[in-house]
1. Helix-only estimate, please: 222 nm mean residue ellipticity of the chain, summing -39500 (n - 2.57) across DSSP H runs of length 4 or more and dividing by its residues, to the nearest 500.
2. Quick one: accessible area per residue over the chain, 1.4 Å probe, rounded to a whole number of Å²?
3. Round to the nearest 0.05 the FRET efficiency obtained for residue 102 and residue 133 when R0 = 22 Å and r is the Cβ-Cβ distance.
4. Sticking with the crude label model, points 7 Å out along Cα→Cβ, report the distance from residue 109 to residue 25 in nm, one decimal please.
5. According to a simple spin-label model (label point 7 Å from Cα along Cα-to-Cβ), what is the distance in nm between residue 199 and residue 56?
6. How much solvent-accessible surface does residue 167 expose, in Å² to the nearest 10, with a 1.4 Å probe and all protein chains in place?
7. Straight-line reach from residue 74: which lysines have a Cα under 19 Å away, not including same-chain ones fewer than 8 places off?
8. Tell me, what is the percent relative contact order of the chain, built from C-alpha pairs under 8 Å that lie six or more residues apart?
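The values are calculated or read from the model by the stated rules, or taken from the named source; none is laboratory data. Fair warning: this is a prediction, and the values are worked out from it, not measured in the lab. A quick note on method: Cβ atoms are made from the backbone with ideal geometry, for glycine too, and the neighbour counts reach across all protein chains shown. Areas reflect the complete protein model, heavy atoms only, side chains present, ligands, DNA and RNA absent. Shrake-Rupley method; radii C 1.70, N 1.55, O 1.52, S 1.80 Å.
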Amino acid sequence: MNTQISDSRIKGVSTGTTILAVKFNGGVIIGSDSRASMGGSYVSSKTINKLIQVHDRIFCCIAGSLADAQAVTKMAKFQLSFHSIQMESPPLVKAAASVMKELCYSNKEELQAGFITAGWDRKKGPQVYTVSLGGMLLNQPFTIGGSGSTYIYGYVDAKYKPDMSREECLQFATNALALAIGRDNVSGGVVHLVVITEDGVEHVVIPGDKLRKFHDE
């Protein structure tokens with residue numbers, strides 16, 4: 001008992017999570033569950049919003065230490081806002097991901113957080129970037145992360161297809177998160193999805209009791 005309490009205090013609040021981002025024809029969807037845990041066993045919150053808006057059409061989702069992730073995204077928002085004022089135009093999605101990468105790499109000995117950065121810009125349209133622990137940056141058509149991602153690699157590899165419609169992509173992201181929530185004990189709550197296109201940003205929330213239950217089929 002004492003060992004478990006001690007470990008939880010050392011690890012702090014983590015997002016014990018499932019996060020993803022997927023490109024579709026004309027935009028990108030970024031999503032997550034809403035559960036946070038302490039030490040990987042005690043659920044400390046069921047209502048965490050892990051999708052952080054760092055600029056108008058650029059979002060990050062977080063995995064790992066919640067405190068570390070919040071500190072990094074707060075600094076990134078400041079730098080991107082300053083960059084936007086200097087350039088007199090919105091920042092590129094790659095610029096936002098590069099800021100996240102630099103912050104993670106410069107503080108790799110202290111941080112325990114990873115990020116997915118996704119958004120839309122006028123130069124390259126919809127984009128998805130992964131910033132892993134240590135500051136590695138990858139550009140991908142879709143990506144998943146967090147503790148729940150280990151349960152859905154087979155699903156996303158089998159079901160993903162390029163140039164999906166908005167509706168197909170929403171269904172793909174929702175089903176992937178529902179599968180992870182059904183298997184991972186530290187993923188749960190509601191599903192948060194953000195749809196980012198040239199026209200703007202739409203936030204979709206799906207309650208846990210409305211998610212598809214694959215194990216009942």
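1. Details: 5 runs with 71 residues, N = 217.
That comes out to -10500 deg cm²/dmol.
2. Working: 11000 Å² over 217 residues.
Value returned for the chain: 51 Å² of accessible area per residue.
3. Values: r = 14 Å, r/R0 = 0.65.
Between residue 102 and residue 133 the formula returns 0.95.
4. About 5.1 nm, to one decimal.
5. Distance between label points: 1.7 nm.
6. Surface accessible to solvent at residue 167 totals approximately 120 Å².
7. Candidates past the 8-residue exclusion: 50, 94, 101, 108.
8. On the way: 507 pairs, mean separation 59.6, N = 217.
Relative contact order for the chain comes out at 27 percent.
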